[in-house]
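Here, each number is a calculation from the coordinates, and none is a lab measurement. These numbers come from a predicted model, not from an experiment. Note: ideal-geometry Cβ built from the backbone for every residue, glycine included; neighbour counts use all protein chains shown.
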Protein chains: 2
Amino acid sequence: MERIPILKIGDVLLVSIQVDLEDHSVLALQEDLAEKISATGASGVVIDISAVEIVDSFIGRMFATIASLSRLFDADTVVVGMRPAVAITLVELGLTLGDVRTALNLERGMEILEGLTATRRGTPGANGVPGLARR
Amino acid sequence: MERIPILKIGDVLLVSIQVDLEDHSVLALQEDLAEKISATGASGVVIDISAVEIVDSFIGRMFATIASLSRLFDADTVVVGMRPAVAITLVELGLTLGDVRTALNLERGMEILEGLTATRRGTPGANGVPGLARR
């Protein structure tokens with residue numbers, strides 16, 4: 001398995017991280033994502049980390065980089081599915097995910113993205129409270 | 001990474017296979033899926049194999065088993081994202097995926113599931129031609 005697959009659901013790209021991330025796979029993922037956002041005109045990226053057991057500053061930076069990258073294509077990024085143990089570690093170590101938004105699970109993440117897109121494009125979100133999702 | 005994560009999108013469970021499958025991981029996946037379908041009442045399962053480079057009879061049987069399992073919970077299964085090289089290998093080796101439905105990508109797979117669910121429950125599908133998706 002060489003590359004992390006990027007799935008498309010409607011207007012959103014979904015990346016599910018299941019393998020231990022190394023430098024080259026992170027670079028490949030960023031490259032693939034940039035190409036895919038550009039090709040599809042996606043308005044959001046969801047990164048699922050429910051299979052990730054260890055998050056360090058390296059992975060934290062990756063999220064921030066992907067978020068900045070997506071932003072250049074006018075897309076928002078949400079990280080979903082963080083394990084409780086991972087969240088505790090992040091807080092204990094004082095690590096932050098920068099400006100990256102997080103949500104409990106994929107469905108919540110999609111709702112947030114819908115709200116953000118609606119806010120940015122000036123139309124009401126599906127949940128009627130588009131502003132609520134923005135931190 | 002011990003287990004393959006199962007994501008939920010609306011009424012559908014999504015499994016993205018990114019690691020080389022061994023006996024124990026396949027068994028764990030089947031167990032997890034059965035539990036998750038039972039817990040969520042999902043109407044469909046999509047298995048994304050866009051990262052899978054080699055499919056043999058073992059993996060073929062796994063799809064068939066998952067499909068039978070899902071059926072017991074009144075859920076349909078669609079395999080999506082097969083690589084062209086994998087499809088060619090399957091045909092050349094004379095391997096079949098049994099009764100398992102396939103679709104080009106996640107979005108098509110979701111459409112098929114919508115159609116199937118609508119057909120089974122006697123309401124028109126979102127695409128208006130629910131019968132079309134059934135093989």
- Message: Under 12 Å between alpha carbons, and skipping anything fewer than 8 positions from B:K8 in its own chain: which aspartates and glutamates qualify?
- Response: A:D48, A:E107
- Task: Using the Cα centre as the reference, give the magnitude of the dipole from point charges on the C-beta atoms of the protein assembly as shown (Lys, Arg: +1; Asp, Glu: -1; all else neutral), rounded to the nearest 20 debye.
- Result: 1040
- Mind checking the mean number of beta-carbon atoms from other chains within 10 Å of the Cβ atoms in B:7-14? 4
- Query: Taking the label point as lying 7 angstrom from Cα along the Cα-to-Cβ axis, what are the distances from A:H24 to the corresponding position in the remaining copies, in ascending order and in nanometres?
  - Reply: 2.7
- Note on the structure: The Cα extents of chain B along the principal axes, largest first and rounded to whole Å, are 39, 33, 21
- Note on the structure: If one compares the long axis through the Cα atoms of helix B:106-121 with the longest principal axis of the Cα atoms of chain B, the angle in degrees, nearest 10, works out at 50
- Message: List, shortest first and in nm to one decimal, how far the label point of A:R61 (7 Å from Cα along Cα→Cβ) is from its counterparts in the other copies.
- Response: 4.6
- Normalised by the residues of region B:2-135, what does the relative contact order come to in percent, with Cα pairs under 8 Å and at least six apart? 21
- Note on the structure: Residue by residue through region B:53-64, the couplings from Karplus 6.51 cos²θ - 1.76 cosθ + 1.60 with θ = phi - 60°, in Hz, x for Gly and Pro, are 9, 10, 10, 10, 5, 4, 5, x, 5, 4, 4, 4
- What's the angle, to the nearest 10 degrees (0 to 90), between helix A:84-93's Cα axis and the longest principal axis of chain A? 70
- Query: Which of B:T102, B:I54, B:V19 sits farthest toward the positive end of the charge dipole of chain B, with +1 on the Cβ of Lys and Arg and -1 on the Cβ of Asp and Glu?
  - Reply: B:T102
- Note on the structure: Per-residue average of other protein chain Cβ atoms inside 10 Å, peptide A:42-53 -> 2
- Item | Highest average packing first - A:71-83, B:87-99, A:55-67, Cβ atoms within 10 Å | A:71-83, A:55-67, B:87-99
- Item | Nearest-20 debye value, chain A charge dipole, Cβ charges on Lys, Arg, Asp, Glu | 560
- Message: Averaged across orientations, what area in nm² does the convex hull of the alpha carbons in the protein assembly as shown project?
- Response: 14.9
- Item | Distance in nm between pseudo-label sites at A:T96 and B:D56 (7 Å out along the Cβ direction from Cα) | 5.0
- Task: Give me the number: length gained by fully extending B:R108 to B:E35, i.e. 0.36 nm times residue separation minus the C-alpha to C-alpha distance, one decimal in nm.
- Result: 23.7 nm
- Expected 222 nm ellipticity per residue - DSSP helices of 4 or more, -39500 (n - 2.57), all of chain B, to 500: -14500 deg cm²/dmol
- Relative to the longest principal axis of the C-alpha atoms of chain A, give the angle of the C-alpha long axis of helix A:23-40, reported between 0 and 90° and rounded to the nearest 10°. 20
- Where both partners of a DSSP beta bridge lie in the protein assembly as shown, what percent of those bridges are antiparallel, to the nearest 5? 25
- Query: Measuring from a point 7 Å out along Cα→Cβ, what nm distances, shortest first, does B:L72 have to its partners in the other copies?
  - Reply: 5.0
